[in-house]
1. Can you compute the FRET efficiency between B:I249 and B:R414 using 1/(1 + (r/R0)^6), with r the Cβ-Cβ distance and R0 = 25 Å? Round to the nearest 0.05.
2. Can you run the Rg to Rh ratio on chain B? Use alpha carbon positions and the Kirkwood inverse-distance Rh.
3. Dividing the Cα radius of gyration by the Kirkwood radius, what Rg/Rh value follows for the range B:248-426?
4. I'd like to compare A:289-298, A:353-362: which one has the highest average count of other Cβ atoms within 10 Å, and what's the full order after that?
5. Taking the solvent-accessible surface of protein heavy atoms with a 1.4 Å probe, what is the per residue accessible area of the protein assembly as shown in Å²?
6. Please check which bits of the range A:23-37 a label hung off A:T400 would reach, taking the label as a point 7 Å along Cα-to-C-beta and the cut-off as backbone N under 19 Å.
7. Please turn the phi angles of the range A:28-34 into ³J(HN,Hα) values with the Karplus equation 6.51 cos²θ - 1.76 cosθ + 1.60 (θ = phi - 60°), one per residue in order, whole Hz, x for glycine and proline.
8. When the Karplus curve 6.51 cos²θ - 1.76 cosθ + 1.60 is applied with θ = phi - 60°, which whole-Hz ³J(HN,Hα) does each residue of the range A:286-297 get, with x for Gly and Pro?
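The values are calculated or read from the model by the stated rules, or taken from the named source; none is laboratory data. Here the structure is a predicted model, which means the values were calculated and not measured. Cβ coordinates were reconstructed from backbone atoms using ideal geometry, including for glycine residues, and neighbour counts include every protein chain displayed. The accessibility values were calculated without ligands, DNA or RNA, using every heavy atom of the protein model including side chains. Shrake-Rupley method; radii C 1.70, N 1.55, O 1.52, S 1.80 Å.
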Amino acid sequence: MLFKKIFIFLLLFPTFAIAQVHQTILENGMKVIVKEDHRSPVVISQVWYRAGSIDEVNGKTGVAHVLEHMMFKGTKTIKPGEFSEIIAAAGGRENAFTGADYTCYFQRIEKSNLPLVIKMEADRMQNLVILEEEFNKEIQVVMEERRWRTDDKPNAQVNELMQSLAFVSHPYGRPVVGWMNDLENMTYEDALEWYNDWYSPSNAVLVVAGDVMPEDVFALAKEYFGPIPAKKIKNRKPQIEAEQAGVRRAEVKAPSQLSYIQMAYKVPALDRDLSKNSSDVYALEVMAGVLSNTSAARLNQSLVNEQSLAIGAGAGYTMITRGGLSLFEFYATPSEGVSTNIVEEAIKKEIKKIAEHGVTQDELNRIKTSVIANEVYEKDSVFYQAMLIGQLETMGYPYTLMDQYIENIKKVTSDQIQEVAKKYFLDDRLTVVSLNPQPLDPNKKPQGRPHVH
Amino acid sequence: MFIKYIFLLIVTFSFHANAAIKIDSWFTDKGSKVFFVQNNDLPIVDVEVSFMAGSAYDKDESAGRASLTNHMMLLGSGNLKQEEIINQFSEIGAEISSGFDEDKSSFSLRTLSEKKEEAFKLFQTVLHRPNFDGEVLNREKKRYLSSIKQSDTLPDSIGNKAFMKAIYGEHSYAIPSSGTLDSIETITKNTLIRFYESAYSAKSAVIVIVGDLSKKEAFDFANQTSNDLPSNGQLRSIEKVKLTPSQTIKIEHPSSQAHLHYGYPIMKRGDEDFFPLYVGNYILGGGGFVSRLTEEVREKKGYVYSVYSYFMPMQEKGPFQIGLQTKKEQIDEAFKLVRKVVKDFIDNGPTESELAAAKSNMIGGFPLRLDSNKKIMNYISMMAFYNYPLDYLDTFSDKVNSVTTEQIKDAFQRRVILEEFTTVIVGAS
């Protein structure tokens, strides 16, 4: 589900005025970016580390996320859980999240408390204490998280398998939460190793947004993060995905009434050299919108409303990633009595329509209008604005990319979309995983798949 | 993305007392209540119109009627089909969405202020002229039926349905909002038209407007919205909640985790014990990672990813509920620990330092609750719908601040009775 969420972010990609964003780089290499928004006396602080599941190795999957949990378990001067107590007592809200490309720690707090937040983040960047006893409890929490997120959710299992089937040699094939067996065998030393490898100011970006002045934030960052020595960050291997030849298919059996299908085509992400593949990438972005940006977009209109083949259908594309690769994904819940094969064919037919006839001017206009309106709407969320800056910077793109987004979307033509539809949506780039629903009571006779061909 | 903690964001419990927010309030000529907050910082207008038309207004045999009415409102108006309406909103960059729960059916619009006139007109078309097209209804009924069957395979949905049925018995809060396989079959176009005409009246409507427009513009929009709503509607009420006997229900499921639902109906909107119960619950299980339940069940034992408690005040008594998921083999130990924590809290109340930390969070975190138009909209809309006084936000901090440990202990001992708790465990080992 990772990709779908990011897709939503991207369609709503704003281009807020660059004039309000300020940045500096500390001597130890840490980047500090400030986005002013003086509407409320509130500030968002986000510390981003360029360390996510794609930096993990086999046998230790999930360690990026486990370390994220351990970051709340105390430092040389702060007891386990005390970080959260201090933030709560200051009226703050906090959390953290781990993705394939990054790990981020954030707080939302009344602005006078920013120094407290910066001081504590700087403390846990350098003074984390990982006690074996605390680790052994927390790893149980993470296993419960995995059971809850993936193991007991049939659609999440389909997604997990689809990722790992689509990416054979690239680490995007591994689940962010980690394989259960790796979690079961993980030790506090694995977490510590991860912390020592990646938690360095030179591998981090601080984003502060809200009712602050840039010079005040820079001064705070210099005072607290400035003295932290930079570690030497390991070389990252390129990890190119092995060439795919032929469609890849699999199924998941799980207790469910309805079936489910996910299809993913390998497509490029925006190259860090922005001039390189930008026209393809923006065309894919608009194509995703034409297929699925509202309930009146092609997939829902065709599969759900007109043909009643599915009770839900959508598509998504992530145009920016740190790993350089991306997927253009489709997902649908077939109506009862309709097989996943029929739905797969219906989705392919929609792609083919675009490849043969392109899209209409009305469709292009609607996408462009909504992108422009969203630019304004997203200014209402300071957190979201900080999030975009942090994502871009940790993935290796300049945050100024935001300012070119609308212009690039506006330039996309029907011909370009037609071209990418022909170029990338081939069986040799396709992975398909379907859910084969099983009865809840295993003693009942399995239903089998409806309408097996 | 993997988030370390789950926040249970319940609008009910989010308040802010920022004197800078000035709420204008009036009634339209046809009797709709209006709340208006002018805010010209961004060129955006947000609108929400709510009706007393939630699932609590269904009967067992018509279960799903209120939800389908809400759902169909966005699927065809006048002679416009769903895709035509949605595309017309897209053409001006406006967004429409709907919300639905036991008490309420609501519709929200977000538009650029420069497009507000066109957006208002379209939005009013949706509210005034739903066509409840028969073919569309047949298709949507099938989707509802499939969704009902699907949710009957998911442990959380199974547990929730069983829990609501057990704690509400014959009360309409027990009715599943999406209906049942039998009830959905019986719903026709006429069922929806009748429900719309009676429940979506001007008197039942609450109109909330936030953003970049003048009071005169807000006034005119509210009147136009109100004028063309059905005029023959009658205000309905939800009956009082009668407590059902405490029960323990165990449901088998092949999932790896067992899901616990534990609680019963306790508090309604405007309850006189609201503040001590609300502040007390922050300490017991509402305050994210610093609550007693999280500390004991997650941090000390590693039993769960998430454990929480909340009061959900509704028009009539809403549930107090404690929930968790843990692997089946340890559900008994985890549940035992939950009961111990809750009993200890009821018997002894919070400590002074816990109360001080809770107040500090709620009062110090006040500005966070109001830092966007969207949030202002959500809170003001809740206040308008449930008839909160206009100074509610202004006095909120003082009321939190005046709560004592004794009051919390007293309120929990009177109101949170362990013997009344109902237990539902799905995936029991």
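1. Using R0 = 25 Å, I get an efficiency of 0.40.
2. 0.98
3. Ratio of gyration radius to Kirkwood radius: 0.98.
4. The packing order, highest mean first, is A:289-298, A:353-362.
5. Solvent-accessible surface per residue comes out at 38 Å².
6. Flagged as within label range: A:23-26, A:31-36.
7. Each residue of the range A:28-34 in turn: 7, x, 6, 8, 10, 10, 10 Hz.
8. Values, residue by residue: 5, 4, 4, x, 4, 6, 8, 7, 9, 6, 9, 6 Hz.
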